[in-house]
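Notes follow once the structure below has been shown.
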Amino acid sequence: MVFGTHYRIDPPAGTRVALDDIPLGSWYPLFMQWKVPTFTAIAYTALSFYCNAQLAKSPLLNRKGKSAQAKRSRLTPMNIVVFVHNTVLAVYSAWAFWGVFPAFVHKIATQGCHSGLCDIDGSLWNSVLFKHVYLFYVSKFYELIDTAIILVKGRPASFLQIYHHAGVILVMYFANYFSSPASIFIVWENAGVHTIMYTYYALTAIGINPPGKQYLTKLQIGQFLFGQMFIFVYFGLSKCMTPTQQTWLWIMAAYLIPLIYLFVQFFTKTYHKKPVQKTE
């Protein structure tokens, strides 16, 4: 049964892509019901905080988390699950990056920066962007497994992670809803960084520990700052977006500002710890 037979939500105006021609296209009318991302984000947030509270009250689970960390180099069933999960996301991210970035660069090279950034004729949206913005949005539901893995290992989910995962579902819903050409940046930027990040986590799951974990956090902070910079660039471009499309810029900016702060705070606490002074 096709989900579109029960829901009447069509792609944004000007979209000439048939839903049958893209993966999970028949699910589009369901995923684009505003209740789906809203209730998912609320339920995920509430469940994460509830599980954190249960972990805090259970010494047994806390010991489990510590022992899981000690044994992460072993090829356990849990580690295999984590490896497969991260590999799936790494492969998808590489595919998404390669599906969008070359087309974006080609349009800028052939039609100029204004046309490439604004996509006024909709050619970029219809050739690659609509498909990848939609699939990128769907992938954010799957990424919630990241938090489930942390909780199953007996470790609490940080506020940074909860905010990040819940917020990006809503952000990508609105990217689809408003069909903003600026969404090209969040797709290729995030997909590129996630290719590296999930490859790293897939390797650590099977006992391979590449150096330079702190640079992953720096890379994430860099992509958010880069994205925030281009939001201001888009606001300054004339005849680039409709007022409706600009709405997504405000949503994205409001999401990124706390996210950048939380990532910087996490980086400082994790990698710039003050040495403990010994007392005699």
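Just one of the listed residues (Leu19, Leu55) is at pLDDT 80 or above and closer than 30 Å to Asn126 by Cβ, namely Leu19.
Any idea which of Leu124, Leu117 is under 19 Å from Tyr177 (Cβ atoms) and modelled with pLDDT of 90 or more? Let's see the steps before the verdict.
Numbers: Leu117 fails: under 19 Å from Tyr177 (Cβ atoms).
The unique qualifying residue is Leu124.
Per-residue answers, yes or no, for (1) touching a residue at least 60 places away in the same chain (Cβ under 8 Å); (2) surrounded by fewer than 13 Cβ atoms within 10 Å (Cβ to Cβ):
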{"site": "Gly99", "(1), (2)": "no, no"}
{"site": "Val105", "(1), (2)": "no, yes"}
{"site": "Thr110", "(1), (2)": "no, yes"}
{"site": "Ile120", "(1), (2)": "yes, no"}
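Scanning segment 266-275 for any residue that is assigned to a helix (DSSP H, G or I) and free of Cβ contacts under 8 Å to residues at least 40 places away in the same chain turns up at least one such residue.
Somewhere in segment 127-141, is a residue assigned to a loop (DSSP other than H, G, I, E, B), closer than 26 Å to Val81 by Cα, under 12 Å from the mean Cα position of the chain (by Cα) and not small (Gly, Ala, Ser)? Checked against the condition, which is being assigned to a loop (DSSP other than H, G, I, E, B), closer than 26 Å to Val81 by Cα, under 12 Å from the mean Cα position of the chain (by Cα) and not small (Gly, Ala, Ser), segment 127-141 yields no hits at all. With respect to the stated conditions, Ala205 fails to be within 11 Å of the chain's Cα centre (by Cα), farther than 17 Å from Tyr134 by Cβ and buried (at least 16 other Cβ atoms within 10 Å of the Cβ).
Is it fair to say Leu249 is in contact (Cβ under 8 Å) with a residue 12 or more places away in the chain, touching a Gly at 6+ places or on another chain (Cβ under 9 Å) and under 26 Å from Tyr142 (Cα atoms)?
Numbers: in contact (Cβ under 8 Å) with a residue 12 or more places away in the chain: yes; touching a Gly at 6+ places or on another chain (Cβ under 9 Å): no; under 26 Å from Tyr142 (Cα atoms): yes.
Criteria not met by Leu249.
The residue of segment 169-187 that is farthest from Lys35 (Cα to Cα), among those that are small (Gly, Ala, Ser) and part of a helix (DSSP H, G or I), is Ser183.
Considering only segment 251-267, how many residues are hydroxyl-bearing (Ser, Thr, Tyr) and more than 14 Å from Ile186 (Cβ to Cβ)?
Narrowing segment 251-267 to residues hydroxyl-bearing (Ser, Thr, Tyr): 255, 261.
Within this subset, residues satisfying the condition of being more than 14 Å from Ile186 (Cβ to Cβ) are 261.
Residues that pass the stated criteria total 1.
When the criteria are applied in full, Gln220 meets the requirement of being in contact with a helix residue (DSSP H, G or I) (Cβ under 9 Å, 6 or more places away or on another chain), surrounded by 14 or more Cβ atoms within 10 Å (Cβ to Cβ) and closer than 25 Å to Tyr261 by Cα. Out of Ile150, Ile186, one residue alone is aliphatic (A, V, I, L, M), modelled with pLDDT under 90 and closer than 25 Å to Ile42 by Cβ. It is Ile186. I'd like to know if segment 190-197 contains one or more residues that are modelled with pLDDT of 90 or more, crowded, with 20+ Cβ neighbours inside 10 Å, within 19 Å of Val84 (Cβ to Cβ) and not hydrophobic (A, V, I, L, M, F, W, C). Checked against the condition, which is being modelled with pLDDT of 90 or more, crowded, with 20+ Cβ neighbours inside 10 Å, within 19 Å of Val84 (Cβ to Cβ) and not hydrophobic (A, V, I, L, M, F, W, C), segment 190-197 yields at least one hit.
Among the conditions (1) surrounded by fewer than 17 Cβ atoms within 10 Å (Cβ to Cβ); (2) at pLDDT 85 or above, the only one that Tyr44 does not satisfy is (1). Of all residue pairs spaced 6 or more apart or on separate chains, those with beta-carbon atoms under 6 Å, a first member in segment 78-89 that is at pLDDT 95 or above and a second member that is among the aromatic types (Phe, Trp, Tyr) are Asn86/Tyr198; Asn86/Tyr201; Leu89/Tyr198.
Only one entry of Phe130, Phe159 meets the criterion of being more than 18 Å from Leu55 (Cα to Cα) and either buried (at least 20 other Cβ atoms within 10 Å of the Cβ) or out of contact with any Phe, Trp or Tyr (no Cβ under 8 Å at 6 or more places or on another chain) (or both), and that entry is Phe130.
The values are calculated or read from the model by the stated rules, or taken from the named source; none is laboratory data. These numbers were taken from a predicted model, which means no experiment stands behind them. In this analysis, Cβ positions are derived from the backbone assuming ideal geometry, glycine residues included, and neighbour counts consider all displayed protein chains.
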